[in-house]
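The values are calculated or read from the model by the stated rules, or taken from the named source; none is laboratory data. What you see is a predicted model; the values in this text were computed from it and never measured. Quick reminder, even Gly has a Cβ in these numbers, built from the backbone with ideal geometry, and neighbours come from all protein chains shown. These accessible areas exclude ligands, DNA and RNA; they are computed on the full protein's heavy atoms, side chains included. Shrake-Rupley method; radii C 1.70, N 1.55, O 1.52, S 1.80 Å.
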Amino acid sequence: MNSMKMTEQSTEQRERLSALMDDGLTELQARQLLRDLQESEPCREVWQAYHANQAALHGAPQVDVLAGVNAALDAEEAKASYVSEVRHSRWIGFAQGALAAGVCLAGILALWPLAGQSPQSGPDTVTTQLPPADATAYLPRMDSYWSRHAQFATVRTGGRWDETERSHGDDHGQESSL
Amino acid sequence: MNPAAVTHTADLVNSAADAAAPAAASEAPAVTDRILVARVQAGERRAFDLLVLRYQQRIAALAWRYTQNSQDVSDITQEAFIRAYRALRDFRGDSEFYTWLYRITVNVAKNHLAAQGRRPFTTDIDDPTQVWPDRMQVEPGPAAEHEGSELARVVQRAFADLPEDLREALRLREFEGCSYEAIADLMETPVGTVRSRIFRARDAIDRRVQAWRAGETVALDERD
């Protein structure tokens, strides 16, 4: 199985592994050797072989459940990680929704007082500046109209009416041209 | 396999056990477990791999005693470690890690059998201090016919072939649970020598196993 790897481990190292099986090392020595065991596959194989032989010496059944245990624990950790991720993403989604709702609410509250004011009172109220009326040009025409209207009302003659209408039509034409 | 050799192995083990007075179980703190548990709790998944490698055979042995079925043993062992990993963040170290793991395994085994409408093969195993099945399953029978039985025979033969001083040091450690200091007292040797003997015994057994895996079974059988 591991004859080549076994020889890679020094005799001293294997003796320490044997002593470690029996808790025959100082704590410092045990800590260092256990670190080696965790990091060195050949070292672990020696450790495993010694324990397998020990079990065989006692007539115990031989099992190797390490791979199965690790596969089960890996699957559990992957599942736990997935569940945690889903929960986290749900929380993030909820937080994002809550943030968006908060921003909307803040916006509504900020704009709410403005909704009751008249448009002119607002800072952005647009005022249209009309050009000044040409009162001096308009008034003589009104005077002319009223004078002709007064003449028509007092005289009430047909010939004058026609003339007045014609004259008014001319005036109106002039007004349109203005 | 040579049955005579197996019987010889068992005799060697049992006679050695009778000859040496059982010393107190190891009182060494489970430094290895404590360090690994702390690392797992700190988020180092790789540290849990070492706990699995360290205890999977013992947990399998416990599950075997409940079910006597190889597939059940694998399922229960795997499930026990998965549950242990999930619960490890709450483990405060009030008891030894293995004792805690043992209780988890018993619950998993009972639930596993209950889900299938079955009853435990035995109920007389609620003793976390007994970490291994009865000494050496060398007799043919259901308990010896699990996966790894052939490896067990190779290892046990290799153990029987060890030089006396190495075999005795390893036996005291593995079957009597003696600490290095206790073995040093019993064998009247320095602790460093005990550590070296136990290592050399394990290394010799492992070389035999590697040779067996490489297809040298025939050569071993011929020598037997």
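What the table below lists for this structure:
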item	result
The range B:151-177: number of residues that are more than 9 Å from chain A (Cβ to nearest Cβ) and under 29 Å from A:Asp64 (Cβ atoms)	11
Hits in the range B:44-81 (condition: touching a Leu at 6+ places or on another chain (Cβ under 9 Å) and farther than 19 Å from A:Gln48 by Cβ)	B:Tyr66, B:Thr67, B:Asp72, B:Ile76
Which listed residue, of A:Ala30, A:Ala60, A:Ala52, is open to solvent by less than 10 Å² (accessible area, probe 1.4 Å), facing chain B (nearest Cβ under 7 Å) and within 17 Å of B:Asp206 (Cβ to Cβ)	A:Ala60
Selection status of B:Ala114, open to solvent by 30 Å² or more (accessible area, probe 1.4 Å) and either within 12 Å of chain A (Cβ to nearest Cβ) or at pLDDT below 95 (or both)	yes
Helices (runs of 4 or more DSSP H) contained in the range A:59-178 and holding at least 1 residues at pLDDT 70 or above	A:66-111, A:135-155
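Residue-by-condition table, conditions (1) more than 10 Å from chain A (Cβ to nearest Cβ); (2) closer than 19 Å to A:Ala71 by Cβ; (3) surrounded by 18 or more Cβ atoms within 10 Å (Cβ to Cβ):
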site: B:Arg39; (1), (2), (3): no, no, yes
site: B:Glu44; (1), (2), (3): no, yes, no
site: B:Ala47; (1), (2), (3): no, yes, yes
site: B:Leu50; (1), (2), (3): no, yes, yes
site: B:Leu53; (1), (2), (3): no, yes, yes
site: B:Ala60; (1), (2), (3): no, yes, yes
site: B:Tyr66; (1), (2), (3): yes, no, yes
site: B:Asp90; (1), (2), (3): yes, no, no
site: B:Asp94; (1), (2), (3): yes, no, no
